[in-house]
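**Q** I have a structure here, written as structure tokens, and I will follow up with some questions on it.
The values are calculated or read from the model by the stated rules, or taken from the named source; none is laboratory data. Keep in mind it's a predicted model, so treat the numbers as computed, not measured. Here the Cβ is made from the backbone with ideal geometry for all residues, glycine too, and neighbour counts use every protein chain on show.
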Amino acid sequence: MRLLVVEDERKVASFIARGLEQEAYAVDVASDGEAGAQMVEDCDYDLVILDLMLPKLPGMELLQRIKARKPSTPVLVLTAKGAVEDRVAGLDKGADDYLTKPFAFAEVSARVRALLRRGQREATELSIADLVVDTATRRVTRGGKKIELSNKEFALLEYLLRHARRPVTRTMITEHVWDIQFDSVTNVVDVYINYLRNKVDKGFAPALIHTVRGVGYMLTDEHP
């Protein structure tokens, strides 16, 4: 999952980004409204966390732009403006949720999870063959056997599951699982795919993680 934090207070932005990255999200940060607008234009984010008091382009205007161009992208407004009329205005402009400063990161995290579930309209449980992943509890089992995964391994498996039976490129994976642009020199995707194969496929049948030559990878229980 790739998220964007648009926040001009550097310490606040860093605090949010660091916390979300520890929960296996890929996070980008924009420090003003114009930069945020450009980043939303260039990348398909799974969710945007948006401050309203921004330089260069007001947050409320950026909110309207996001909802006009990409209406399905959930937006969590995070701001010091806590008056009822401010919350009503933000929700009327398209905000999916509204959280006022100061805040506890645990609440930000919970609201992010809730918005992602609501936006995708999917159950928290993803499965294919005998592989079951609960995205809420982060529990992974195959054939009833519990599998322990690192944060990045879990994020990669979740991404593959959400695109099950469809090929995904290395570029798609690095942009949504890692906070980097694809570099043909790095083999980080291949390394983590190998980690997953050793945990998810080794000792089980059928193999679920397949290489699609010239494209990338695909998670499927069918012959690719």
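**Q** Which strands (runs of 3 or more DSSP E) sit wholly inside the stretch 44-142 and have at least 2 residues that are under 19 Å from the mean Cα position of the chain (by Cα) and of a type in the set (Lys, Arg)? So that I can check it myself, show each step before the final result.
**A** Numbers: elements: 47-50, 75-79, 97-100, 125-128, 131-134, 139-142.
Passing ranges: none, list empty.
**Q** Taking Ala68 as the residue in question, decide whether it is within 27 Å of Met172 (Cα to Cα), of a type in the set (Gly, Ala, Ser) and surrounded by 17 or more Cβ atoms within 10 Å (Cβ to Cβ).
**A** When the stated conditions are applied, Ala68 does not pass them.
**Q** Still on this model: Going through Leu156, Leu149 one at a time, which residue ends up being surrounded by 12 or more Cβ atoms within 10 Å (Cβ to Cβ), modelled with pLDDT of 90 or more and assigned to a loop (DSSP other than H, G, I, E, B)?
**A** Leu149
**Q** Just the residues that are closer than 17 Å to Glu175 by Cα and either in contact with a Pro (Cβ under 9 Å, 6 or more places away or on another chain) or buried (at least 19 other Cβ atoms within 10 Å of the Cβ) (or both), please, taken from the stretch 37-61.
**A** Within the stretch 37-61, Val40, Tyr45, Asp46, Leu47, Val48 meet the criteria.
**Q** Also, quick follow-up: Across the stretch 1-26, which residue is farthest from the chain's Cα centre (by Cα) among those that are surrounded by 21 or more Cβ atoms within 10 Å (Cβ to Cβ) and touching a residue at least 60 places away in the same chain (Cβ under 8 Å)?
**A** Ranking the candidates gives Glu7 first.
**Q** Checking the structure you have, find out if any residue of the stretch 181-195 is at pLDDT 90 or above and either crowded, with 20+ Cβ neighbours inside 10 Å or touching a strand residue (DSSP E or B) at 6+ places or on another chain (Cβ under 8 Å) (or both).
**A** Within the stretch 181-195 (the criterion being at pLDDT 90 or above and either crowded, with 20+ Cβ neighbours inside 10 Å or touching a strand residue (DSSP E or B) at 6+ places or on another chain (Cβ under 8 Å) (or both)), the answer is yes, since at least one residue qualifies.
**Q** Looking at this structure, is Leu126 modelled with pLDDT of 80 or more and within 19 Å of Gly19 (Cα to Cα)?
**A** no
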